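Participant: The structure follows.
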Ligand SMILES: [Zn+2]
């Protein structure tokens with residue numbers, strides 16, 4: 001799970017000094033002042049606004065103006081946080097002639113200590129506000145589609161959405177070593193099971209595509225050659241669930257399941273994922289129904305033994 005980090009005002013002031021953004025602004029302000037010009041600053045909603053207050057406290061000149069909209073006159077953008085950097089890139093591309101400078105308190109792309117953390121700013125805490133930053137995003141999305149988040153039916157929706165997300169994406173809680181423990185193999189009672197093809201067919205799964213966060217579902221079928229180790233059958237379903245409960249693409253889901261089995265169970269593994277329905281494909285965009293995307297991940301003896309592969313496919317009813 002993403003770790004929540006509460007940043008203090010002192011830390012943010014330290015950041016703006018350390019990352020050079022305050023110096024950059026003051027340099028521009030003093031330069032402009034010597035030419036009797038005004039620097040236009042645009043604070044990106046919403047976090048850029050409190051961030052601007054913090055910056056402005058240390059400005060060395062008063063020849064600046066905060067403008068309410070992004071246009072050709074803007075010289076500096078201030079924001080609290082750069083996550084992926086996409087928003088800033090988008091703005092820069094829209095105004096290529098502005099020579100825009102960007103000042104941010106935290107840039108996750110370059111400040112490694114904030115990487116993969118959930119940042120809570122001082123202005124996101126306090127009465128009625130504490131821990132609410134993730135709820136806020138759901139509320140904003142409801143507003144984005146034209147809904148009224150304060151009508152009765154939607155009041156509890158943000159909380160419910162976050163709860164559902166916790167469940168849908170619980171796969172992030174499992175580390176590689178958790179998976180290793182989960183796949184602890186039995187050798188007891190499996191002594192005779194050598195060079196035998198073991199198959200678990202049609203394990204159903206539900207996952208979410210990482211491009212649209214839209215649900216996709218299907219089944220996973222696993223075949224492996226036992227080399228004296230076997231695995232409880234329920235483990236295959238659990239393993240599938242761990243990887244499916246993350247943002248995925250079908251190809252990677254298939255290969256991650258296979259890879260974990262190769263590392264912990266047997267070198268000879270074949271995984272097929274099919275009978276899939278991708279809701280992002282059927283409910284939007286191309287609106288294609290009835291397609292079946294098939295992915296497979298093939299390892300060890302399955303790779304060059306066509307007869308073995310054919311036997312596996314026929315036993316799972318795919319031939
Ligand atoms: Zn998608």
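The values are calculated or read from the model by the stated rules, or taken from the named source; none is laboratory data. Just so it is clear, the model here is predicted, and its values are computed rather than measured. Cβ placement follows ideal geometry from the backbone for every residue including glycine, while neighbour counts extend to all protein chains displayed.
Participant: Tell me, please, whether a residue that is under 25 Å from residue 182 (Cα atoms), buried (at least 16 other Cβ atoms within 10 Å of the Cβ) and within 20 Å of the chain's Cα centre (by Cα) can be found in the range 302-313.
Facilitator: So far as the range 302-313 goes, no, none of its residues is under 25 Å from residue 182 (Cα atoms), buried (at least 16 other Cβ atoms within 10 Å of the Cβ) and within 20 Å of the chain's Cα centre (by Cα).
Participant: Same structure again: Give the residues of the range 15-38 that are more than 18 Å from residue 107 (Cβ to Cβ) and surrounded by fewer than 19 Cβ atoms within 10 Å (Cβ to Cβ), sorted by residue number.
Facilitator: 26, 27, 30, 31, 32, 33, 34, 35, 36, 37, 38
Participant: If only one of 147, 124, 131 is surrounded by 17 or more Cβ atoms within 10 Å (Cβ to Cβ) and either more than 25 Å from residue 21 (Cα to Cα) or modelled with pLDDT under 90 (or both), which one is it?
Facilitator: Of the residues listed, the single one that is surrounded by 17 or more Cβ atoms within 10 Å (Cβ to Cβ) and either more than 25 Å from residue 21 (Cα to Cα) or modelled with pLDDT under 90 (or both) is 124.
Participant: Okay, moving on. Does residue 12 satisfy the criteria of being surrounded by 16 or more Cβ atoms within 10 Å (Cβ to Cβ) and either part of a helix (DSSP H, G or I) or modelled with pLDDT of 95 or more (or both)?
Facilitator: yes
Participant: Here is a further query. Looking at 234, 207, 255, can you tell me which residue is free of Cβ contacts under 8 Å to residues at least 60 places away in the same chain, under 20 Å from residue 174 (Cα atoms), surrounded by 22 or more Cβ atoms within 10 Å (Cβ to Cβ) and in the same structural domain as residue 311 (by TED's automatic domain parsing)?
Facilitator: 207
Participant: While we're on this one: Would the range 63-84 turn up any residue that is in a helix (DSSP H, G or I) and in the same structural domain as residue 22 (by TED's automatic domain parsing)?
Facilitator: No: zero hits.
Participant: Taking only pairs six or more apart or across chains, which ones have beta-carbon atoms under 8 Å, a first residue in the range 261-290 that is within 16 Å of residue 238 (Cα to Cα), and a second residue that is modelled with pLDDT under 95 and surrounded by 22 or more Cβ atoms within 10 Å (Cβ to Cβ)?
Facilitator: Within 8 Å, the pairs are 265/231.
Participant: Taking only the range 85-121 into account, find how many residues are buried (at least 18 other Cβ atoms within 10 Å of the Cβ), part of a helix (DSSP H, G or I) and over 20 Å from the mean Cα position of the chain (by Cα).
Facilitator: Qualifying residue count for the region: 1.
Participant: Suppose we filter the range 171-218 for residues that are within 31 Å of the chain's Cα centre (by Cα) and not in a strand (DSSP E or B); how many remain?
Facilitator: Residues meeting the conditions: 19.
Participant: When the residues of the range 39-49 are filtered to those that are surrounded by fewer than 17 Cβ atoms within 10 Å (Cβ to Cβ) and in contact with a strand residue (DSSP E or B) (Cβ under 9 Å, 6 or more places away or on another chain), which remaining residue is modelled with the highest pLDDT?
Facilitator: Once the filter is applied, the top-ranked residue is 49.
Participant: Still on this structure, I have one more. Check 226, 221 and return the single one that is at pLDDT below 95, away from the ligand (no atom under 16 Å from the Cβ), surrounded by 15 or more Cβ atoms within 10 Å (Cβ to Cβ) and part of a strand (DSSP E or B).
Facilitator: 226
Participant: Across the range 260-286, what is the total count of residues that are surrounded by fewer than 18 Cβ atoms within 10 Å (Cβ to Cβ) and within 25 Å of the chain's Cα centre (by Cα)?
Facilitator: Result for the range 260-286: 8.
Participant: Return yes or no: is residue 284 away from the ligand (no atom under 16 Å from the Cβ) and either assigned to a loop (DSSP other than H, G, I, E, B) or closer than 30 Å to residue 141 by Cα (or both)?
Facilitator: no
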